[in-house]
Amino acid sequence: MSSLKTVNELIAGSVGGAAQVLVGQPLDTIKTRAQIAPKGMFKGPMDILVQTLRKEGFFALYKGMASPLIGIAGVNSLLCH
């Protein structure tokens, strides 16, 4: 019975961590682009969002997501245990 509880906690932590990354990644992408852009390139976060969507498409907001997705799922699954 204890091993079933552990498996459930690991799955719940992994799913929770994945949800955290899926929601936060677009915001992190916008923040990073704001930090590295030359001064005056963007008018603000909404301008970054609009320009990114127009030039690169929706999935550009999720570039570089694989590593955080794998890492956070593992961390959250251990923290929930």
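Just so you know, all these numbers are worked out from the coordinates, no wet-lab data involved. Computed from a prediction, not measured in an experiment: that's the story for all the values here. Virtual Cβ from ideal backbone geometry, glycine too; neighbours counted across all protein chains shown.
What ranking, highest mean first, results for peptides 34-47, 52-65 when packing means the other Cβ atoms within 10 Å averaged over each residue? Walk me through the numbers before you get to the answer.
Working: 34-47: 10.2, 52-65: 12.2.
With the highest mean Cβ count within 10 Å placed first, the list reads 52-65, 34-47.
A Förster distance of 35 Å, applied to the separation of the beta-carbon atoms of Asn8 and Lys55, puts the FRET efficiency at 0.20. Taking the Cβ of Gln51 as the center, what net charge do the other residues with Cβ under 11 Å away carry, scoring Lys and Arg +1 and Asp and Glu -1? Net charge in that neighbourhood comes out at +2. If the segment from Val75 to Met41 were pulled out straight at 0.36 nm per residue, it would be longer than the present Cα-Cα gap by 8.6 nm. Expressed in Å, the radius of gyration and Dmax of the Cα atoms of the chain are 16.9, 59.
The number of Lys pairs in the stretch 2-80 with C-alpha atoms less than 24 Å apart, excluding pairs fewer than 8 positions apart on the same chain, is 9. Distance between the pseudo-spin-label points of Ala18 and Ser67 (7 Å out from Cα toward the beta carbon): 2.1 nm. Counting Lys and Arg as +1 and Asp and Glu as -1 over every other residue whose Cβ lies under 13 Å from the Cβ of Met41, the net charge comes to +3.
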